[in-house]
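All remarks here apply to the structure that follows.
The values are calculated or read from the model by the stated rules, or taken from the named source; none is laboratory data. What you see is a predicted model; the values in this text were computed from it and never measured. Backbone-built Cβ (ideal geometry, glycine too); neighbour counts: all protein chains shown.
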Amino acid sequence: MIRLAVEVRGGSLQFGDLFWLSDWNPDFPQDQILSLPDGYYHITVCTRRPELVILIENQGCCRAGIRRKDLTKADPPVYVAADQINDQRSTLCAGTLSGFLRAALAYEAVFAFPFHGDELMYWLTEEELETVRTGLEKQPFGLSGWLGMDMSFYSNASDNMAVIMDCGDLEVLYGAASEAGYKKLMEVMEGLGEAI
């Protein structure tokens with residue numbers, strides 16, 4: 001696939017075979033004409049029908065999507081793949097779309113929480129991970145293979161969250177939406193981890 005910029009002039013965009021340019025005829029079939037207001041657009045052109053992409057990582061490193069064969073399922077699984085044209089390998093990221101969305105939104109929320117540690121992320125030891133596991137409640141959603149890591153989510157209040165990222169090393173990101181939620185979280189997280 002390729003993404004292209006296009007300027008629309010005259011209120012429509014016509015799609016035709018490249019070889020038509022050798023014998024140009026402005027009378028395109030109606031099902032190959034798209035009415036659009038004049039302006040600039042970008043289009044993505046595919047050589048095969050794509051899967052349903054639901055999220056592209058903010059730096060374009062990978063994408064998550066639903067396979068075509070799963071589109072008829074009520075809550076289909078979500079797969080993740082490197083965002084490169086030649087890399088078609090994908091791995092299961094979440095067993096359900098609803099679980100994927102919960103995990104992806106929780107992960108993004110932690111970055112936006114107004115109450116968080118002095119640093120963004122911390123390294124954890126196995127012993128510190130065990131403290132998190134015993135002191136906080138594991139959430140029923142997570143991500144596998146996202147940017148080469150597995151993510152688990154933990155909390156002890158409705159407005160706080162700790163995200164454990166396992167990429168061979170253990171990293172944690174945590175925060176809360178309220179001061180009370182942050183204090184409750186810090187009953188477990190205080191003193192854990194080394195700043196990255």
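Name every residue in segment 132-159 that is crowded, with 17+ Cβ neighbours inside 10 Å and acidic (Asp, Glu), in order of residue number.
Hit for segment 132-159 is Asp159, nothing else.
In segment 90-126, which residues are aliphatic (A, V, I, L, M), surrounded by fewer than 19 Cβ atoms within 10 Å (Cβ to Cβ) and not in a helix (DSSP H, G or I)?
Leu92, Leu120, Met121 - these are the residues of segment 90-126 that are aliphatic (A, V, I, L, M), surrounded by fewer than 19 Cβ atoms within 10 Å (Cβ to Cβ) and not in a helix (DSSP H, G or I).
Say we look at segment 178-196 and pick out the residues that are of a type in the set (A, V, I, L, M, F, W, C) and not in a strand (DSSP E or B); which of these is farthest from Phe115 (Cα to Cα)?
This residue is Ile196.
Tell me the residue from Gly168, Gly175 that is part of a loop (DSSP other than H, G, I, E, B) and in the same structural domain as Leu124 (by TED's automatic domain parsing), please.
Gly168
Going through segment 131-151 one residue at a time, which ones are in contact with a strand residue (DSSP E or B) (Cβ under 7 Å, 6 or more places away or on another chain) and assigned to a strand (DSSP E or B)?
Glu137, Lys138, Gln139, Phe141, Gly142, Leu143, Ser144, Gly145, Trp146, Met149, Asp150, Met151
Tell me whether segment 122-133 contains one or more residues that are under 22 Å from Pro77 (Cβ atoms) and either in contact with a Ser or Thr (Cβ under 6 Å, 6 or more places away or on another chain) or acidic (Asp, Glu) (or both).
no
Take the residues of segment 160-185 that are surrounded by fewer than 14 Cβ atoms within 10 Å (Cβ to Cβ) and acidic (Asp, Glu): which is modelled with the lowest pLDDT?
Looking at the filtered set, the residue picked out is Asp169.
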